[in-house]
1. Could you look through the stretch 1-28, keep only residues that are surrounded by 15 or more Cβ atoms within 10 Å (Cβ to Cβ) and either among the acidic types (Asp, Glu) or part of a helix (DSSP H, G or I) (or both), and pick out the one that is modelled with the highest pLDDT?
2. Just checking, how many residues over the stretch 115-144 are farther than 15 Å from GLY74 by Cα and among the hydrophobic types (A, V, I, L, M, F, W, C)?
3. Inside the stretch 1-57, can you point out the residues that are in contact with a Leu (Cβ under 9 Å, 6 or more places away or on another chain) and touching a residue at least 40 places away in the same chain (Cβ under 8 Å)?
4. Evaluate the stretch 61-69: report whether one residue or more is under 29 Å from ILE130 (Cα atoms), charged (D, E, K, R) and not in a strand (DSSP E or B).
5. Condition check: exposed (fewer than 15 other Cβ atoms within 10 Å of the Cβ), of a type in the set (Ser, Thr, Tyr), under 19 Å from ILE130 (Cα atoms) and modelled with pLDDT under 95. Does SER104 satisfy that?
6. Tell me the residue from GLU108, GLU148, GLU129, GLU143 that is outside any helix (DSSP H, G or I) and over 27 Å from the mean Cα position of the chain (by Cα), please.
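The values are calculated or read from the model by the stated rules, or taken from the named source; none is laboratory data. These figures come from a predicted structure and were not determined experimentally. Cβ placement follows ideal geometry from the backbone for every residue including glycine, while neighbour counts extend to all protein chains displayed.
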Amino acid sequence: MEVILKQDVPGLGKKGDKVTVKDGYARNYLFPRDLAAPVTKGTLKEFESLQAAKKDKEGRILAEATRNAQLLEGKTLVFTAKAGKGRIFGSVTPQEIAEKIRKSYKVEVDKRKILLDENLKELGAHKVEIQLHPKVRVAVNVEIRAEE
């Protein structure tokens, strides 16, 4: 029996997927828990419109990420910190970088998408990669200067 999933079902598929399952599994497990609906003309039409809306949304998100990448490409973020012997007291974290980008360029960046192995602790220029979308990455320069 073909069904369209209304919710994610582990081991079977994601919401909106059209899958083939055994009749008993559909009748006794999926339908009573409202996890799936049988494929009919109405549900098929709804499924197709959901798929089209999903593709449209993904396209908009990708386009926005690309615009933000063009805006941030090659930009330099300057931080000042107390330092001694080439190292700063404390560090520059992904959270601070995300806040600086938000304030300076009005671009929302999740701190988990800033790809750093460890916090920046050295004076000077550092190249930091940011993943705005699974298909879009951008490199920005982070310059750390000593406070005077």
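1. At the first step, the residues of the stretch 1-28 found to be surrounded by 15 or more Cβ atoms within 10 Å (Cβ to Cβ) are 1, 3-6, 9, 12-13, 16-19, 21, 26.
Still in the running and either among the acidic types (Asp, Glu) or part of a helix (DSSP H, G or I) (or both): 17, 26.
Values: ASP17: 87, ALA26: 95.
Selected residue: ALA26.
2. Here is the first cut: in the stretch 115-144, the residues farther than 15 Å from GLY74 by Cα are 115-124, 133-135, 144.
Now drop any that are not among the hydrophobic types (A, V, I, L, M, F, W, C), which leaves 115-116, 120, 123, 144.
Count: 5.
3. Selection gives ILE4 alone.
4. The initial filter retains those residues of the stretch 61-69 that are under 29 Å from ILE130 (Cα atoms), namely 61-69.
Narrowing further to those that are charged (D, E, K, R): 64, 67.
Now narrow it down to the ones that are not in a strand (DSSP E or B): 64, 67.
Yes: the stretch 61-69 contains one or more residues that are under 29 Å from ILE130 (Cα atoms), charged (D, E, K, R) and not in a strand (DSSP E or B).
5. Details: exposed (fewer than 15 other Cβ atoms within 10 Å of the Cβ): yes; of a type in the set (Ser, Thr, Tyr): yes; under 19 Å from ILE130 (Cα atoms): yes; modelled with pLDDT under 95: yes.
For SER104, the condition - exposed (fewer than 15 other Cβ atoms within 10 Å of the Cβ), of a type in the set (Ser, Thr, Tyr), under 19 Å from ILE130 (Cα atoms) and modelled with pLDDT under 95 - is met.
6. Details: GLU108 fails: over 27 Å from the mean Cα position of the chain (by Cα); GLU129 fails: over 27 Å from the mean Cα position of the chain (by Cα); GLU143 fails: over 27 Å from the mean Cα position of the chain (by Cα).
Sole residue among the options that is outside any helix (DSSP H, G or I) and over 27 Å from the mean Cα position of the chain (by Cα): GLU148.
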